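The values are calculated or read from the model by the stated rules, or taken from the named source; none is laboratory data. Note that the structure is a prediction, hence the values are computed from the model and not measured. Here the Cβ positions follow ideal geometry from the backbone for every residue, glycine too, while neighbour counts run over all protein chains shown.
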Amino acid sequence: MNRRTFITASGLTASGLNSSGAAGQTPSGTSRISAIITAYYRNSHADVFIGNMLRGFYWEGRPHRSGLEIAAMYLAQTPANDIGRSEAAKHGIPLKPSVREAIVPGIQGVALIGEHGDYPTNEKGQKLYPRYELMEQIVAAYRETGRALPMFVDKHFSTEWRKAKQMFEWSRELKFPLIAGTSLTLTWRRPALELDLEAPVKRAVGYFYGGKEAYGYHGVEVFQSMVERRKGGETGVDWVQCLEGDEVWKWSAANPWARDLLEESMRNDDTLKRGRLEEIVKQPILFLIGYRSGLEGVVYLVTGATEQAGFAAQVEGRREPLTCCFRTQWGRPWSHGNGLSYWVEQTIRQGREFYPPERTLLATGIIEALMNSSYEKGRKFATPHLDVRYHARKESRFMRGPLPPYDRIRV
């Protein structure tokens with residue numbers, strides 16, 4: 001991939017396929033979409049995002065009624081705790097037996113939520129959600145109908161780089177706006193930090209918690225969303241390494257600057273448990289990311305110590321590091337997903353990208369390579385294929401305003 005493969009959002013126009021969504025506008029002004037879902041049960045990703053579309057959510061402290069309307073839904077699985085069928089019946093949403101049949105006439109976009117469900121796990125510990133296979137069917141429908149519509153893909157693209165790159169390339173080939181990735185890049189930040197574009201970042205550290213891939217991905221993409229603003233823009237990754245257990249603390253002792261930045265980043269975290277991390281965190285994980293620009297990225301997974309994500313950077317010309325935490329709400333209504341819900345809506349309704357999907361592509365490649373490193377007992381893993389180049393947008397898209405209380409009734 002080179003710079004010529006990057007197409008800015010304002011240049012996403014149809015070439016052979018019509019990406020205009022005007023036909024999807026309803027008399028009430030909402031935009032009709034199709035939802036392709038692996039599993040839909042209480043507190044699943046589908047429950048959060050589809051629920052926000054159906055009932056509204058809080059956006060920057062105010063009630064916001066979604067401008068999206070579900071025209072059709074496909075459920076790949078319906079487990080015993082499924083609520084997708086009852087929600088569809090309650091809101092008059094037709095359930096379709098196939099992806100192709102769910103891509104109904106007159107829609108303005110598609111939401112692909114391929115998270116949760118009963119799927120196998122490979123020997124590396126990656127859960128094999130069929131995001132690629134589902135998107136392949138959506139793209140086939142685009143080709144058949146001659147309409148390439150804006151698409152949302154929840155979380156990372158795939159567990160395989162080949163598939164992930166193809167998913168991204170479909171959007172460039174057919175020229176449809178693509179929004180993907182984690183909700184945490186768009187949640188509240190404490191303080192509301194955004195690095196300046198072209199910031200001379202010398203060193204950077206991030207942290208999160210949870211499982212190596214499913215949650216580690218969030219940590220990687222949050223980190224990427226910050227360092228992509230550094231001087232020169234994003235130029236890709238040369239290597240990665242995953243360390244675990246005591247090796248995490250040994251590396252940290254040999255690189256005290258990283259431990260110092262980690263502790264600085266945690267000063268903003270109101271969920272942080274008191275005590276020594278070495279005693280609190282039973283299974284520490286460390287992601288090392290060697291960027292082509294020379295920056296060495298460091299992301300800790302410190303399960304048991306926190307319920308939030310954090311970031312700290314040393315920037316040339318500043319004595320003190322720049323730090324923030326990414327606020328989460330681990331309970332209904334899971335409001336840290338509201339920012340992503342809002343920008344999915346805007347991407348589909350306006351037919352343009354508001355932040356680069358290359359970020360999700362690169363973060364997908366990084367986490368896949370880290371899982372390979374982990375599988376090979378922490379071997380440093382070369383990544384010549386992660387030649388992903390792009391520039392961050394000037395505008396910040398993360399949420400401001402107050403955090404809604406838990407269990408607030410939807411508007």
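Overview of results
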item	result
Residue among GLU221, GLU247 that alone is closer than 30 Å to ARG143 by Cβ, touching a Gly at 6+ places or on another chain (Cβ under 9 Å) and in the same structural domain as GLN308 (by TED's automatic domain parsing)	GLU221
Residue check for LEU112: in contact (Cβ under 8 Å) with a residue 60 or more places away in the chain and buried (at least 18 other Cβ atoms within 10 Å of the Cβ)	yes
Failed item, numbered, when GLU169 is tested on (1) closer than 20 Å to LEU68 by Cα; (2) of a type in the set (D, E, K, R); (3) outside any loop (DSSP other than H, G, I, E, B)	(1)
Some residue of segment 227-244 being more than 15 Å from ILE285 (Cα to Cα), assigned to a helix (DSSP H, G or I) and either without any contact (Cβ under 8 Å) to a residue 24 or more places away in the chain or of a type in the set (Val, Ile, Thr) (or both)	yes
Search result, residues across segment 151-168 that are in contact with a helix residue (DSSP H, G or I) (Cβ under 8 Å, 6 or more places away or on another chain) and over 11 Å from LEU112 (Cα atoms)	HIS156, SER158, THR159, GLU160, TRP161, LYS163, ALA164, LYS165, GLN166, MET167, PHE168
Residue match in segment 129-138 (condition: without any contact (Cβ under 8 Å) to a residue 60 or more places away in the chain, assigned by TED's automatic domain parsing to the domain that holds LEU174, of a type in the set (Asp, Glu) and assigned to a helix (DSSP H, G or I))	yes
Among (1) in contact with a Leu (Cβ under 9 Å, 6 or more places away or on another chain); (2) not charged (D, E, K, R); (3) not in a strand (DSSP E or B) - the single one VAL299 does not satisfy	(3)
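Conditions tested, residue by residue: (1) touching a residue at least 24 places away in the same chain (Cβ under 8 Å); (2) closer than 30 Å to ILE107 by Cβ; (3) under 23 Å from the mean Cα position of the chain (by Cα); (4) not in a strand (DSSP E or B).
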{"position": "LYS250", "(1), (2), (3), (4)": "no, no, no, yes"}
{"position": "LEU261", "(1), (2), (3), (4)": "yes, no, no, yes"}
{"position": "SER265", "(1), (2), (3), (4)": "yes, no, yes, yes"}
{"position": "LEU286", "(1), (2), (3), (4)": "yes, no, yes, no"}
{"position": "CYS325", "(1), (2), (3), (4)": "yes, no, yes, no"}
{"position": "ASN338", "(1), (2), (3), (4)": "yes, yes, yes, yes"}
